Structure formats: C-alpha cells, structure tokens
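A short write-up of the structure that comes next.
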Amino acid sequence: MPELPEVETIARGLRATLPGRKIIAVRLGKTDFIDDPGTLERSLPGLSIDDVVRYGKFLLLRLSTANGEPASSGLLVHLGMTGHLSPKRAEEPAPKHTHAVFTLDDGRELRYTDARRFGRMALLASDALQETLAPLGADPLELSEAEFAARVGGRGARIKALLLDQRVLRGLGNIYADESLWRAKIHPARLGARLTKEQASRLYRAVQHVLREAIRLRGSSISDYLDTEGEPGEYQLHHRAYGREGRNCYRCRAKIRRVVVAGRSSYFCPRCQKAPRGFRPAPGAHRGKKRQV
C-alpha cells in the first residue's frame, strides 16, 4: 500500500501540472470504491483544480468554481493497494482497470487505475471532508521532537503499533516504520511507555530522515507503485530492514528476523534492536512462521 513518501511523490507530480486545469467531463467504469458516483459525475464538470495536497495517505484535490471561488467540496482519493492517479494524453490507450477518467480542458485525461479497487474516491462537502480527516493524527514531518515524543511515549501499546496507528501519526506504514525502528535501534515490540527520552529522540530523527530520503528517491516500488510519470521509485534499493528476513544486517551482520506486531510482519535486527524484557517469540517464529505479539 502506498505510504507517506509514495503519496507525497504523487501529490507533487500532480501539483506540477494540474492546478488551473478545468474538469470538463467525467467517465466512470466500476464504481464500488467511489462514494456516491452519481454526485461525482454531476458535480465535477465545470470545476477547476486549484491544488493537490497530501493528507496522511490521502490525496486531496482542492477545487474552485467557474468564477474562481473555492468550491464547497474537494475530491478525496485513497490509492488503496494498487491505485494509480496520473494525467495522460487523451489519445493514449487507457490501460486495463481504468475506472475513472476526468477529461481536462487542455486535452489530457486524469486517469485513476486500480486492479484491486481497495482504494476510495469521494467528492465531499467541506463539513464531510473535515469529519473524514479529523480522526487522523499529526503528520510526522510537521511535528517537533517534543510533540513526537508526547504522541508515542506514555502509551502501553507496542511502538510498531503506535507508528502504524493513523490516529497517532498519519501517513506512516509498515515499510517506513520498520526502516525507522532499524535506524533508531529500537525493537518493534517495545512499549511506547518504555521508551527512554534518548530512544524517543533517536526515533524522531530516524523517522524524519527515512521519510525525507524516501521522498527524495520518489518512494519504494515493491510491487505496483509508480509515480505520475509511470516510473518506479528507488528507495527500495536502500531498505535496511523491511523485507530482508535472513539477510545480513548492514550494521552488525546478524541475520534480519521477522515477527508479527500489530498484525503486520515486522523486520528487525536481533542484535542491534534488542528485544524488550519478557518478550519471547514463539519457537520457529523466525523460520518463516509469523508470530502475533
């Protein structure tokens, strides 16, 4: 699933060419991922795209009316696992699984393709948009170190679960949580309440570094993710923990292991990221079997 760096990369790509463009027609295919497809078809034509921003793992297209006034609604898009949103020339053949096409006034089409349709698309009025986004936590790139420590410290949940909880920090996902914990030398099963001040500081700096570097490299292409130009990201070439079970740690050469924390596979170095006291993975948990903790 695209995480903060991938969604930010797509937002920046769309922001480079879409603002100022008017939507003149909407064509939909399968609509099971769209909230109220009829409203979207009726209301979008005639509106202009003012901006494209990222909010956690969501893309938000800010819209305006024909007279330039901000529209009372915005187009919210979640890419799910395989969603892709990009502008294409109208004469280019639409790929399979293209389920939404927005014809623009410059002859291009903004196309949404999604093989698995686990994403979401919704044209939401201002109050509904606010209600949808209100439960999300703070953006990790906008937090001070003290704010970050306050959000993850003092909680009884595992630190991996806290990093993945979108009510705590919006945008982080499995890849960048594992990469940040490896960089900070913190085991994914450590409790947030048991982090020392120094550990919380290391983790804050690690999250900042990992996310910013991943954005610079246009995200991680593990399976389906491509940027708006159809190009893969490059950060997967720099992963130090995620997906590296059985390979040597880049720091100490111990074998990277995997357990399941917060329902997700978590990759870590057993030597650099010491397990918390009392933590005992089940026998065989590091030989391919997953362990829920």
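The values are calculated or read from the model by the stated rules, or taken from the named source; none is laboratory data. What you are looking at is a predicted structure, and each value in this text was computed from that prediction instead of being measured. With ideal geometry, Cβ positions are generated from the backbone for all residues, glycine too; neighbour counts draw on all protein chains shown.
D227 is checked against (1) buried (at least 18 other Cβ atoms within 10 Å of the Cβ); (2) modelled with pLDDT of 95 or more and fails just one. What number does that condition carry?
(2)
Quick check on this structure: which one of A94, A100 is assigned by TED's automatic domain parsing to the domain that holds G13, within 24 Å of M1 (Cβ to Cβ) and either outside any strand (DSSP E or B) or touching an Asp or Glu at 6+ places or on another chain (Cβ under 6 Å) (or both)?
Only one candidate passes the filter, namely A94.
Which one is nearest to the chain's Cα centre (by Cα) among residues in segment 1-46 that are acidic (D, E) and in a loop (DSSP other than H, G, I, E, B)?
Selected residue: E3.
Every residue, every condition in (1) surrounded by 22 or more Cβ atoms within 10 Å (Cβ to Cβ); (2) within 13 Å of P140 (Cα to Cα); (3) at pLDDT below 95; (4) among the hydrophobic types (A, V, I, L, M, F, W, C), yes or no:
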position: A184; (1), (2), (3), (4): yes, no, no, yes
position: R205; (1), (2), (3), (4): no, yes, no, no
position: Q208; (1), (2), (3), (4): no, yes, no, no
position: E213; (1), (2), (3), (4): no, no, no, no
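Since A71 meets every condition but one in (1) at pLDDT 95 or above; (2) part of a strand (DSSP E or B); (3) surrounded by 15 or more Cβ atoms within 10 Å (Cβ to Cβ); (4) among the hydrophobic types (A, V, I, L, M, F, W, C), which condition does it not meet?
(1)
Does L61 satisfy the condition of being closer than 18 Å to Q130 by Cα and either in contact with a Cys (Cβ under 9 Å, 6 or more places away or on another chain) or not assigned by TED's automatic domain parsing to the domain that holds E231 (or both)?
Yes; evaluated as a whole, the condition is true for this residue.
Go through segment 97-129 and give me each residue that's touching a residue at least 40 places away in the same chain (Cβ under 8 Å) and among the polar types (S, T, N, Q).
Residues satisfying the conditions are T98, T103, S126.
Just to be sure, is G153 in contact (Cβ under 8 Å) with a residue 40 or more places away in the chain, closer than 23 Å to R280 by Cα and small (G, A, S)?
When the stated conditions are applied, G153 passes them.
Are any residues in segment 170-219 of a type in the set (V, I, T), under 29 Å from A134 (Cβ atoms) and either free of Cβ contacts under 8 Å to residues at least 40 places away in the same chain or touching a Gly at 6+ places or on another chain (Cβ under 7 Å) (or both), and if so, which ones?
Result: V210, single match.
Scan segment 81-95 residue by residue and report those that are free of Cβ contacts under 8 Å to residues at least 12 places away in the same chain and within 16 Å of K30 (Cβ to Cβ).
If the condition is that a residue be free of Cβ contacts under 8 Å to residues at least 12 places away in the same chain and within 16 Å of K30 (Cβ to Cβ), then no residue fits.
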